[in-house]
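Worksheet: one structure, shown below.
No lab work stands behind these numbers, since they all come straight from the coordinates. Bear in mind the structure is a predicted one, so any value in this text is a computation, not a measurement. With ideal geometry, Cβ positions are generated from the backbone for all residues, glycine too; neighbour counts draw on all protein chains shown.
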Amino acid sequence: MTKVYLVDDHRLFLAGVKAELSEEFVMVGSAYDVDSAIEEIRGLDPDVVLIDVHMPDGGGIAVVEGVGETNPDVKFLALSVSDQAEDVIAMIRAGARGYVTKTIEPQDLADAVRRIDAGDAVFSPRLAGFVLDAFAGAMPSEEDPELDQLTSREKDVLRLIARGFAYKQVARKLNISIKTVETHVSSVLRKLQLSNRHELARWASKRRIV
Amino acid sequence: MSLIEVGPAPRDDQHVKTKRDLHLRRRGGDRVVAGVAGGVADALGVSDAFVRAAFVTLSTVWGLGILVYMAIWLVTVDRVEDTEPEMVELQQALGLGIAFAGLMILLGTTGLWPSNVLVIIVGALAFGTAALTDRNMPGPLAALIDPTVEKPGRLRMLFGVALLIGGLAVFAANVGPLYEIGPVLLSVALTGVGIFIAFGPWVARLAIDLGTERRERIRQEERAEMAAHLHDSVLQTLALIQRSDDPARMSILARHQETELRDWLYGNAPLEGADLISTALKDAARKVEADHQVPVDVVVVGDHTLNESTRALLGAANEAMVNAAKHSGADRISLYFEAENGSLAVYVTDQGRGFEPAGIAMDRRGIAESIRARVERAGGEAHIDSEPGEGTEVILRMPVAAT
């Protein structure tokens, strides 16, 4: 059974998620702050960690980076009310494999955890929008143009996710398999994490106007 | 009713005072020369000012104080961090003082002794100053006025002032020629020094207090503003939710409040007169949520200013959302907006019951036509994609001049 760990400084929310997920997953533990989260996750070595973006003492990023040094196999799913694009993108760049908002339906959250555990990336409509926005319209850098641009197929997949379609529906609309959809999303995740495009880091400050 | 504790875990954050240890180390941070006097003070558990005074007094005996100082400097190591050692009782401190006096008297019997007058003047001035230099004290005379100063502090101040006056008196009595040259000058200088010693630290502390008070006032004003905002928005919504017994309505209220609060917290609140289609779409989505109690997920990529044709796009998008909320039966609606390559696109998507585009009833055809007509009049196009059981998607496109 998949071992799941929760990190959120909001206890009420944490209790709710724990109850929703406990039927299907082993809830191995939870933490309310960054330091104890890093320490416990290192000891428990869970499969998936659900982590809040906004927390005191460095936030979710500090946990993702702290655990990543010692336990690279632990996978992170960012879970937040925040719709600050730069926070979310920074979290993904630190190593999280997905981002969903806290308003997600319990069943969708369980799906997301399963997907993360299987090694796939989880893009909520909002994250897909952030990524399209971050990669939009800019020129690729000279060092690694491939990493700095999305292919048109990847954009198609992201647009459909942003429009609220599940992976299964995306696959049907584009006449491809779900596995291919997952491959595209993982590839976008990789570009997001590795691209040197400075716009990705600083992009949120400027909003693009056509 | 049950109370649920929300917030970060309580932490053991007690300030731990380190125990006094007799290992002699030089101070790292709070020092005058090399931290020797401070180190000795920490080891003995007495005020460092008195230890410094003792070194100065001892130095009158042919520089003995300086020799001892350098000897300790040579054999000790620097303390890495500054710790706060425990202070000994007043009794023990007095004992140390008497022992030092005994040492001086013993030195007086030896041939090294310079003269009683010199040692008494320097000793009285050094210890008098030491008694008056206490970081936590407002200054000798101010200490008598300041009600927060406790009795031992007052005694120490009086002791210091008495020593200083005594030392200066002995000095004046033995420097006859100097006294004749400029008695006025000397008295003015002494008065100036006295006033500075008496009130200087107090004035400094007052200035610091004023700054602290101002910061506190600003903080309170901010808190009041936040309280007012939370009262108008969050508390009102919470009250509404408590009185409502319709879960769908409660959820919409919560969602609406969440968006509004987040905008306020993160500074996304729409600016007055900022006519952007992203803001207008979000507002329209919120209104649909409130009116029809179906959540609308809004995702916006890029942006554009509002003008006649983009207003038509906005109106059509609004109609599509209302339509989906009323007829689709879906539990949420997605609104996706994208501005790219000189064209704006809006997708209003639901996963509801859908319909057969060819066989729709007249009233629904009317709505579909009005969406289409609206966009086409402004130079755009509309496409409606639906199948029974497969949800509905309204796709609107509008060309714009790139800016």
Under 9 Å from the Cβ of B:Leu313, count the other residues' Cβ atoms, weight Lys and Arg +1, Asp and Glu -1, and hand me the total. +3
For A:Ile178, what charge total do you get from the other residues with a beta carbon under 14 Å from its beta carbon, if Lys and Arg give +1 and Asp and Glu give -1? +3
Between A:Asp52, A:Asp87, A:Asp108, where does the largest GNM mean-square fluctuation fall for chain A, given springs only between Cα atoms within less than 10 Å? A:Asp108
Highest mean first, how do A:57-68, B:49-60 rank when packing is the count of other Cβ atoms within 10 Å averaged over residues? B:49-60, A:57-68
Roughly how many nanometres apart are two label points built 7 Å out from the Cα toward the Cβ at B:Arg205 and A:Ser36? 4.0 nm
Determine by what factor the alpha-carbon radius of gyration of region A:1-119 differs from 2.2 N^0.38 Å, reporting the quotient. 0.92
With +1 at each Lys and Arg Cβ and -1 at each Asp and Glu Cβ, the charge dipole magnitude of region A:1-119 around its Cα centre, to the nearest 20 debye, comes out at 220 debye
Treat chain A as a sphere of radius equal to its Kirkwood radius over Cα pairs and apply Stokes-Einstein at 10 °C in a medium of 1.306 mPa s; give the translational diffusion coefficient in µm²/s, rounded to a whole number. 91 µm²/s
Residue exposure sequence - B:Val77, B:Val298 - by fewest surrounding Cβ within 10 Å: B:Val77, B:Val298
What ranking of B:His304, B:His231 emerges when the number of other C-beta atoms within 10 Å of each C-beta is taken as an exposure proxy, fewest first? B:His231, B:His304
Among A:Arg97, A:Arg163, A:Arg172: highest mean-square fluctuation, GNM of chain A, C-alpha pairs under 10 Å: A:Arg172
To the nearest whole percent, what portion of all C-alpha pairs in region B:274-399 is separated by more than 18 angstrom? 47 percent
Pair A:Arg153, B:Val68: separation of 7 Å Cα→Cβ label points (nm): 8.7 nm
Mind giving me the nanometre distance, one decimal, between the label points for B:Val33 and B:Arg217, set 7 Å out from Cα along Cα→Cβ? 4.7 nm
Per residue of A:156-165, count partner chain C-beta atoms within 10 Å of its C-beta, then hand back the mean as an integer. 6
Computed FRET value (nearest 0.05) for B:Asp263 with A:Met1, which takes r as the C-beta separation and R₀ as 56 Å: 0.90
From the phi of every residue in region A:35-49, what ³J(HN,Hα) in whole Hz does the Karplus formula 6.51 cos²θ - 1.76 cosθ + 1.60 yield, where θ is phi - 60° and glycine or proline is x? 5, 5, 4, 4, 4, 5, 5, 4, x, 7, 6, x, 7, 10, 10
Which peptide among B:162-171, A:118-127 comes first, and what is the full order, when sorted by highest mean count of other Cβ atoms within 10 Å? A:118-127, B:162-171
Amide H of B:Val296 versus every other amide H placed in the peptide plane: which residues, excluding those fewer than 5 positions away on the same chain, fall under 5 Å? B:Ile333
Counting only other chains, what is the mean number of Cβ atoms within 10 angstrom of the Cβ of each residue in peptide B:350-357? 1
If amide H atoms are built 1.01 Å from N in the plane of the peptide, which residues on other chains or at least 5 residues away come under 5 Å of the amide H of A:Val49? A:Tyr5, A:Lys75, A:Phe76, A:Leu77
Could you list, in their original order, any pairs among A:Lys3/A:Lys102; A:Lys155/B:Lys287; A:Lys3/A:Lys173; A:Lys3/A:Lys75; A:Lys168/B:Lys326 whose Cα atoms are separated by more than 22 Å? A:Lys155/B:Lys287; A:Lys3/A:Lys173; A:Lys168/B:Lys326
Diffing region A:99-116: the Karplus 3J(HN,Hα) column from phi (6.51, -1.76, 1.60, θ = phi - 60°), in whole Hz with x for Gly and Pro, holds 8, 10, 7, 5, 7, 4, 5, x, 5, 5, 5, 4, 4, 4, 4, 4, 5, 4
Arrange the following residues from fewest to most other Cβ atoms within 10 Å of their Cβ: B:Arg374, A:Arg114, B:Arg215. B:Arg215, A:Arg114, B:Arg374
Alpha carbons only, please: Rg and Dmax for region A:6-59, in angstrom. 10.7, 32
